[in-house]
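The structure appears right after this line, and notes come after that.
The values are calculated or read from the model by the stated rules, or taken from the named source; none is laboratory data. Computed from a predicted model, the values in this text were never measured in an experiment. As a convention, Cβ positions derive from the backbone with ideal geometry for all residues, glycine included, and neighbour counts pool all protein chains shown. What goes into the accessible areas is simple: the full protein's heavy atoms, side chains included, and nothing from ligands, DNA or RNA. Shrake-Rupley method; radii C 1.70, N 1.55, O 1.52, S 1.80 Å.
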Amino acid sequence: MTECYIRVAEDENEEPMEIPSEEDGTVLLSTVAAQFPGACGLRYRSPVSQCMRGVRLVEGVLHAPESDWGNLVYVVNYPK
């Protein structure tokens with residue numbers, strides 16, 4: 001898989017910024033946290049159900065939902 005950029009915003013209604021993915025299509029949590037300090041994950045609104053869904057995080061690596069990041073805007077999760 002080639003490098004791509006995913007759109008990430010601090011809030012659903014804010015303008016997103018593009019974050020680079022790794023060559024295998026994953027995104028490192030450290031890359032997200034470099035732009036959004038304190039980030040602990042990402043979520044997105046499902047185009048089908050309109051519900052928010054969490055992005056799988058395994059050992060500091062975020063995995064694309066359904067194997068493709070698509071053209072969605074991902075929202076940063078912070079610890080509560």
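What the table shows:
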item	result
Net length gained if the chain between VAL73 and GLU18 were fully extended (0.36 nm per residue, minus Cα distance)	18.9 nm
Residue among MET17, LEU72, TYR5 farthest towards the positive dipole end of the chain, charges placed on Cβ	LEU72
Difference of contour (0.36 nm per residue) and Cα-Cα distance, GLU10 to LYS80	23.7 nm
Tensor-based shape of the chain (alpha-carbon gyration tensor, a/c under 1.5 rounded, otherwise prolate or oblate)	rounded
ASP11, ASP68, reordered so the largest accessible area comes first (probe 1.4 Å)	ASP68, ASP11
Heavy atoms of LEU28: accessible area, 1.4 Å probe, square angstrom to 10	60
Cut-off under 5 Å, modelled amide H: who pairs with ASN77 long-range	CYS40, GLY41, LEU42, ARG43
VAL48 - accessible surface, heavy atoms, 1.4 Å probe, Å² rounded to 10	130
Å² of accessible area per residue within the chain, as computed with a 1.4 Å probe and no ligands counted	64
Note, ³J(HN,Hα) from phi for the stretch 44-53, Karplus 6.51, -1.76, 1.60, rounded to Hz, x at Gly and Pro	8, 8, 5, x, 7, 8, 6, 8, 6, 10
Heavy-atom accessible area order for GLU66, GLU12, GLU22, largest first, 1.4 Å probe	GLU66, GLU12, GLU22
Net dipole in debye of the chain [+1 Lys, Arg Cβ; -1 Asp, Glu Cβ; about Cα centre; nearest 20]	400
